[in-house]
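Participant: Quick one: this structure, given as structure tokens, is what I'll be asking you about.
The values are calculated or read from the model by the stated rules, or taken from the named source; none is laboratory data. The model shown is predicted, which means the values in this text are computed figures rather than measured ones. Every residue, glycine as well, gets a Cβ built from its backbone with ideal geometry; the counts of neighbours run over all protein chains shown. Ligands, DNA and RNA are excluded from the accessible area calculation, which covers all protein heavy atoms including side chains. Shrake-Rupley method; radii C 1.70, N 1.55, O 1.52, S 1.80 Å.
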Amino acid sequence: MYELTHRHDTRRPRHGRNGKSNGMSSRFVRPVVVQVGRQERERVIFDVNDAAAILLRSFPHETTKRKLAMDACLQVLRGQAQTPVARRAFVAAALEAKILRSD
């Protein structure tokens, strides 16, 4: 069974801190499924915010790939990179940490 982390209303534009739309969506084209602990449910990661939360709060190891994934998420949230960059980095870090269940 999957635990859904967040559901975003895709009918509304994403807004930055100043209230203006940044024109970019942080939503992944395909969700990523991870399982952080053996006893935990699988978690479905829908967007960069979900990925960043997992990387910051629940990731089992501090590695270079984790740091790169965190940096990529931050760049997307700042509008400096495209969402697929963060997704690829998150998948690589999750694969390395052996928590990736579905890509």
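Participant: Output the residue which, of all residues in segment 28-48 that are outside any strand (DSSP E or B) and β-branched (Val, Ile, Thr), is nearest to the chain's Cα centre (by Cα).
Facilitator: By that ranking, first place goes to VAL48.
Participant: Collect the residues in segment 80-103 that are open to solvent by 40 Å² or more (accessible area, probe 1.4 Å), outside any helix (DSSP H, G or I) and either among the polar types (S, T, N, Q) or over 18 Å from THR63 (Cα atoms) (or both), keeping them in residue-number order.
Facilitator: GLN80, GLN82, ARG101, SER102, ASP103
Participant: A follow-up question, please. Of the conditions (1) surrounded by fewer than 17 Cβ atoms within 10 Å (Cβ to Cβ); (2) under 14 Å from VAL91 (Cα atoms); (3) modelled with pLDDT of 95 or more, GLN75 clears all except one; give me its number.
Facilitator: Failed condition: (2).
Participant: Looking at segment 49-79, which of the residues that are over 13 Å from the mean Cα position of the chain (by Cα) and not in a helix (DSSP H, G or I) is nearest to VAL32 (Cα to Cα)?
Facilitator: In this case the residue turns out to be PRO60.
Participant: A further question follows. Would you be able to tell me the number of residues in segment 28-72 that are of a type in the set (Lys, Arg) and surrounded by fewer than 17 Cβ atoms within 10 Å (Cβ to Cβ)? Even if it seems obvious, please write down each step before you answer.
Facilitator: Within segment 28-72, the first condition is being of a type in the set (Lys, Arg), and the residues that meet it are 30, 38, 41, 43, 57, 65-67.
In the following step, the residues that additionally are surrounded by fewer than 17 Cβ atoms within 10 Å (Cβ to Cβ) were identified as 30, 38, 41, 57, 67.
The number of residues fulfilling the criteria is 5.
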